[in-house]
Each structure stands twice: as C-alpha cells, then as structure tokens.
Amino acid sequence: GTPPSSDSQITASNQLAGRRWPLQVCEGQFHIHPTVPTAKLALHMAKLCTRHNATNRSLAISISEQPGHLVVLENRELLDTDVKRRLPKAPSRRALYIRHRGPGLVLTYYNPAWLTDARHECTHALLDSSGVRGPQWLDEGLAEYFETANFSPLEHATHRASVQTQIRFGQVADLERLERMDSNSMMTAKDYRDAWSVTAFLLNSSLQTKNSSQVFLSDLQSERAAGFLSHRLQPSIHSWRAVRHSLETVV
C-alpha cells in the first residue's frame, strides 16, 4: 500500500525569513500562520491546542514549551509550491513537519482532514523539540495515536476497524518487525496501522506496558542507551501472538 499522504518528517535548515505571515498565537505553543480566513480555523483551535497537555499526561516526559510554527494555506497546489521552494526534492504530501535549527515548522493546507493532519505533524514537532528522537515506528505510532481529535485516542477513524478485523482473523501487529525496519525506509499503510495498534496497546493495556513505554521514552529524551523496547517487554510479553485477547479488550 501507499503510506498516508499526511505523514512526513523532513530535516531542513530553511527559515521563515522573507515571508510575512498573518500571526495568531494558540495558547503560546504554536504560532498559527493562516492564509485562509481565521473563522474557518476557529472551531478547530481548541482541539489543536490539546496536543501539549495530552502528550505530557500520556507519555510522562517533559514536553518543550518552545513555540512552533503552523502554516495553513488555501489549497494543495499552494502547499506543493511552497514545499518545492523550500525542499525541491521533497515528495508531495498533504502536510509535513520540517525540522529547523530552532522551532519546527508544520506546513498544511485547509481541507476536511486538516485537523487530523495538523495534530499528526504537530505531535512530530512537539516530540522533536522535546528531544525525543526515537525509532521511526514509534515516532509515527505516537503521531498516529495523538492525531485523532476524538475523546479517546483509541477511537481512530481509520485504524481501529481494520485492526479489529485483523484480530478476528488471528493477525497481530509485530513490534519486533517494526523495530527491524530501516529508519530511512518508506512506511506503508500497514506499517502505520501496526505502529498505531502497538502504541495504543502499550499505552492502554496495563500499567506495566505503559510504564515500560514511558521509561523507554524518558531514556530516549535523556539520550541514554535505550536499546529495543521489545526487549524490555519480554518478561511480560513473550510473543506478540499472545497479546491477541488483550488487544481485543483494548482496541
């Protein structure tokens, strides 16, 4: 399958210099630079601004207060043009996060999925600015987990139904497979779904799996040798095939 078009994390040193964007500050965390009427964004602001607190509560790590920048353009064509100007070799995406030498930059365009796209990429920005640079599967799994604006992150509009179907047929996401993936490889739709389901399971199955995940993230943030998360879980999870029934109750 083709990976969702909202997912990209590209390193660059380009700055906002030379562009004068309208500015709106959202709870001091993200500076919103819209070229669409702010009335279109007004209903989304409260759900976008929950990123910081929700991430902090769930992951038990120190989330940076450093503000980031979020650009909202009118359409996909303008987004593609702006991205190509900054990063000529970048693929076309519905939204993307660009890492800077300071606050990160999230580029989006207004569309029916805008809030999901913005929350996903802003999660990348928050984790990166907080010094949490983990394996690709975890970075994307957390972004998928926090992108949903529903009351519960387990109510994922795309992944939950297909994961439940997988479980009914005895198929379970394999953490070790995700950990073996090359960090520069393109993730498929299945990879994103598996990353979400493993992340959702670890943060909601038990205090033991949640604590193990939180300590792993803390070690990444502190730049301690973190190793593989699966190795830390082995005393409680001998095989991911064995978590099928637990997944049924969680997801």
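The values are calculated or read from the model by the stated rules, or taken from the named source; none is laboratory data. Remember, it's a predicted structure, so these values are computed and weren't measured experimentally. Positions of Cβ are backbone-derived with ideal geometry, glycine not excepted, and every protein chain shown enters the neighbour counts. These area figures cover heavy atoms from the full protein model, side chains too; ligands, DNA and RNA do not enter into them. Shrake-Rupley method; radii C 1.70, N 1.55, O 1.52, S 1.80 Å.
When you check V132 against the structure, is it in contact (Cβ under 8 Å) with a residue 12 or more places away in the chain, of a type outside the set (S, T, N, Q) and in a helix (DSSP H, G or I), yes or no? Even if it seems obvious, please write down each step before you answer.
Working: in contact (Cβ under 8 Å) with a residue 12 or more places away in the chain: yes; of a type outside the set (S, T, N, Q): yes; in a helix (DSSP H, G or I): no.
Against the criterion (in contact (Cβ under 8 Å) with a residue 12 or more places away in the chain, of a type outside the set (S, T, N, Q) and in a helix (DSSP H, G or I)), V132 does not qualify.
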*Quick one: how many residues across the range 135-166 are within 29 Å of Q66 (Cβ to Cβ) and part of a helix (DSSP H, G or I)?*
12
_Show the residue pairs meeting these rules: Cβ distance below 8 Å; 6+ apart or different chains; first residue within the range 49-68 and without any contact (Cβ under 8 Å) to a residue 12 or more places away in the chain; second residue open to solvent by 60 Å² or more (accessible area, probe 1.4 Å)._
N56/S62
*If you go through the range 45-66 one residue at a time, do you hit one that is of a type in the set (G, A, S), at pLDDT below 85 and outside any strand (DSSP E or B)?*
yes
*Of everything in the range 196-224 that's at pLDDT 95 or above and of a type outside the set (S, T, N, Q), which residue is farthest from P91 (Cα to Cα)?*
V215
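Per-residue answers, yes or no, for (1) closer than 20 Å to V132 by Cα; (2) not aliphatic (A, V, I, L, M):
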residue: K210; (1), (2): yes, yes
residue: V215; (1), (2): yes, no
residue: S222; (1), (2): yes, yes
residue: I237; (1), (2): no, no
*the range 194-240 - residue that is among the hydroxyl-bearing types (S, T, Y) and part of a helix (DSSP H, G or I) and, of those, surrounded by the most Cβ atoms within 10 Å (Cβ to Cβ)*: S197
*Hey, could you check the range 137-164 for residues that are open to solvent by 50 Å² or more (accessible area, probe 1.4 Å) and of a type outside the set (A, V, I, L, M, F, W, C) and say which is farthest from the chain's Cα centre (by Cα)?*
Q164
